[in-house]
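For reference, the structure is listed below as structure tokens.
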Amino acid sequence: MRDSDPCVGFLFRCYSDPYAVSSASVHDSQKLEDLLDPGNTASTVWADSAYRSKEAEEKLAARGFTSRIHRRGCRGKPLTARQEAANKTRSSVRARVEHVFGSQHTSMGGKLVRTIGIVRASMKIGMQNLAYNMRRLVVLERGALAAG
């Protein structure tokens, strides 16, 4: 799992573990608690509908977080117009973060990690994160030079 700064698009984490890697057999929703940073001053959690469950909502509320997790319709019970509008707002906020992962997926070897062992997989993902941050820095530096 990775965090992204929605303002400038760098991959980062402010404490000792900059990113975490898990087996492909572990569903993203099982790692929600690992993503909650107690040092983060923002109290909202933005995520797609895979993270929404009654248990997850209770955990977020107990830890003082506000859930902005997408809602999903059930069979025979589609989302209301209000819920769809709320999801659209959530999507616009999440879009900046998703662009980071999209960039890694399309131009940096994708999200398929073909290594033997979690240690090698962690190293590969760490190198992808580092390369992304370096590419992003070059783009920002070029923009700053052109502007000033």
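Structure above, values below:
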read-out: Subset of the range 118-133 (residues that are open to solvent by 30 Å² or more (accessible area, probe 1.4 Å) and more than 17 Å from the chain's Cα centre (by Cα)); value: Ile118, Val119, Arg120, Met123, Lys124, Met127, Ala131
read-out: Residue match in the range 11-19 (condition: outside any helix (DSSP H, G or I), open to solvent by less than 50 Å² (accessible area, probe 1.4 Å) and at pLDDT 80 or above); value: no
read-out: Among residues of the range 67-117, those that are open to solvent by 50 Å² or more (accessible area, probe 1.4 Å), within 20 Å of Ser43 (Cα to Cα) and part of a strand (DSSP E or B), counted; value: 1
read-out: Residue match in the range 27-44 (condition: open to solvent by less than 50 Å² (accessible area, probe 1.4 Å), of a type in the set (Asp, Glu) and either touching a residue at least 12 places away in the same chain (Cβ under 8 Å) or assigned to a helix (DSSP H, G or I) (or both)); value: yes
read-out: Test: residue in the range 90-101 that is under 13 Å from the mean Cα position of the chain (by Cα) and without any contact (Cβ under 8 Å) to a residue 12 or more places away in the chain; value: yes
read-out: Residue check, Arg136 in contact (Cβ under 8 Å) with a residue 40 or more places away in the chain and either closer than 24 Å to Ala42 by Cβ or surrounded by 11 or more Cβ atoms within 10 Å (Cβ to Cβ) (or both); value: yes
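The values are calculated or read from the model by the stated rules, or taken from the named source; none is laboratory data. A quick note: this is a predicted structure, and the numbers were derived from the prediction, not measured. So basically every Cβ, Gly included, is an ideal-geometry build from the backbone, and we count neighbours across all protein chains shown. The accessibility values were calculated without ligands, DNA or RNA, using every heavy atom of the protein model including side chains. Shrake-Rupley method; radii C 1.70, N 1.55, O 1.52, S 1.80 Å.
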